[in-house]
1. Rounded if a/c is under 1.5, else prolate if a/b is larger than b/c, else oblate: which is the range 102-181, with a ≥ b ≥ c the root eigenvalues of its Cα gyration tensor?
2. Per-residue counts of other Cβ atoms within 10 Å, averaged by peptide: what ranking do you get for 320-330, 284-294, 340-350, highest first?
3. Using only DSSP helix segments of four residues or longer, with each worth -39500 (n - 2.57), what per-residue ellipticity at 222 nm results for the chain after dividing by its residue count and rounding to 500?
4. Which peptide among 211-217, 145-151 comes first, and what is the full order, when sorted by highest mean count of other Cβ atoms within 10 Å?
5. Compute the distance in nm between two label points, each set 7 Å from the Cα along the Cα-to-Cβ direction, one at Ala325 and one at Ala433.
6. Using the Karplus equation 6.51 cos²θ - 1.76 cosθ + 1.60 (θ = phi - 60°), what ³J(HN,Hα) coupling, rounded to whole Hz, does each residue of the range 144-155 give in order, writing x for Gly and Pro?
7. Using 0.36 nm per residue, how much length does the chain from Asn60 to Arg414 gain when fully extended, once their Cα-Cα distance is taken away?
8. Using the Karplus equation 6.51 cos²θ - 1.76 cosθ + 1.60 (θ = phi - 60°), what ³J(HN,Hα) coupling, rounded to whole Hz, does each residue of the range 179-185 give in order, writing x for Gly and Pro?
Amino acid sequence: MTGVVMLAALGAVLLLTGLPSWIVLVGVALAFGAGGALLGVFPYDLLTAMPARIQGLLENDLIQALPLYVFMGALLNHLPLAGTLFRVLSRVLRPTGAAAPLAGLALAALLAPMNGSVGASALMLGRTVQPRLDESGAPRERGAALVCVASTLGVVIPPSLVLILLGDAMMRAHTEAVNVTHAAMRIVNTQDVFVGALGPAGLLFALTALVAWWRGRGTRGVAAGNPPPREWILALATLCVIVALLAGVTLGYLFAVEAAAAGGVALTIFGVATRTLTRRVLMAVLRDTMAISGALFALLLAATVFTLVLRAFGTDRWLAALLAALPGGAPFALAVGLAIVAACALVLDAFEMIFVVVPVVMPPLLTVVSDATWVSVLTLLMLAASFLLPPFGYAILLTRQVQARPLALGPLVRELAPYLVVQWLVLAVVLAAPQIVWHKNPLELPAAAPAGESAGPGMLVVPPPDEDAPGPERP
């Protein structure tokens with residue numbers, strides 16, 4: 001129960017002090033860690049092993065893609081590329097009668113995976129799409145609602161930074177669960193999460209686009225002529241490059257690091273060729289990249305310290321025993337796990353969820369529910385739905401912050417209502433029909449790659465332990 005008190009202390013300090021998350025994580029972890037060591041709950045040597053643990057974490061190839069993704073998102077936010085794409089998409093979609101909202105959703109689907117986070121997507125869409133939605137004659141709350149929804153698409157559309165980090169966290173969680181249960185099954189990997197999310201993400205985008213079309217039919221359209229030929233060529237080339245990179249990573253033909261580096265180089269060349277990447281813009285891009293990357297790495301390292309101390313108190317084993325003892329078996333345990341994710345997502349962003357909550361909740365849950373790919377996709381959908389949940393949804397708060405004028409919550413919630421129905425409907429469909437999540441046979445063990453070696457971009461094969469092997473040691 002000490003771990004539960006530790007989590008409660010973390011939430012209380014976050015709410016009462018307003019300090020950055022990484023500072024609170026480290027402070028609470030060190031306080032409880034020192035207390036645990038002094039009281040003899042766990043040996044002091046456990047805390048001295050932290051540097052080696054952090055070094056091993058940072059050697060992960062997927063973690064190395066993080067600053068490259070952030071660099072791409074910063075370039076997208078500072079270069080005029082998003083505006084060009086929006087104008088061309090609006091012209092293509094003009095016959096639908098709802099060109100502006102549909103173009104905004106299409107732009108989010110293309111760029112949100114490269115933007116990396118809900119916050120970056122909300123900023124880019126609020127600056128690029130929101131003014132044009134206002135020009136189309138739609139109520140301001142309707143445009144803000146669309147920006148809210150579009151900013152969460154990067155959570156579920158692969159291969160976004162959120163999916164990359166979640167896939168890595170789920171691989172670690174599934175490995176721990178297999179070590180506990182000694183089940184003979186294939187360890188989930190990042191590419192499994194990518195491919196598994198394709199069906200639900202496609203369904204979510206299609207239904208969201210249907211709602212946007214239905215709500216936007218009465219608008220008069222954006223008052224703008226046809227884009228010049230130069231913009232058509234640029235938009236087509238950009239579309240081809242983005243789709244090729246995203247598809248390559250999702251299907252396993254490219255490593256995330258390779259795709260992020262290629263995207264960064266392509267965007268830099270575009271900025272230089274069009275003379276939009278001036279010295280001032282470049283300095284702003286590099287400043288944003290360093291600030292955001294530093295914040296994410298600080299959060300990652302702080303969460304690593306926090307989860308080590310949390311698990312040293314036996315919180316993971318206590319939670320595993322609790323889930324196993326719940327009446328109703330695996331379905332009820334899954335409901336409890338998703339409820340924990342939904343509750344935490346009201347106060348934590350996607351990266352804090354992946355670094356803090358997933359390593360604690362998912363290993364015990366996966367000892368009860370064996371389909372790790374399905375659980376991963378359900379976690380993504382729950383995160384996206386929670387970010388839109390009024391009044392404290394992360395996407396709602398960010399969208400209201402980037403508005404030029406204050407935005408009333410009541411009208412915004414009314415405009416969000418049909419999109420919330422879509423979010424929860426897709427979540428219910430995936431819960432009721434797991435076959436919509438494509439995944440390999442969980443009992444199929446790949447024989448091509450030895451243990452611990454790369455089995456493809458973003459993949460790692462970890463065989464199950466022998467039946468006589470001891471259980472996992474304390475971290």
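1. Since a/c reaches 1.5 and a/b is larger than b/c, the shape of the range 102-181 is classed as prolate.
2. Listed from highest to lowest mean packing, they are 340-350, 284-294, 320-330.
3. -23000 deg cm²/dmol
4. Result, highest mean Cβ count within 10 Å first: 145-151, 211-217.
5. 3.9
6. 5, 5, 5, 4, 4, 5, 5, 5, 8, 5, x, 6
7. 123.1 nm
8. Taking θ as phi minus 60°, the curve returns 4, 7, 8, 6, 7, 8, 8 Hz for the range 179-185.
No lab work stands behind these numbers, since they all come straight from the coordinates. Please read these numbers as outputs of a predicted model, since none were measured by experiment. Please note: Cβ atoms are built from the backbone with ideal geometry, for glycine as well, and neighbour counts cover all protein chains shown.
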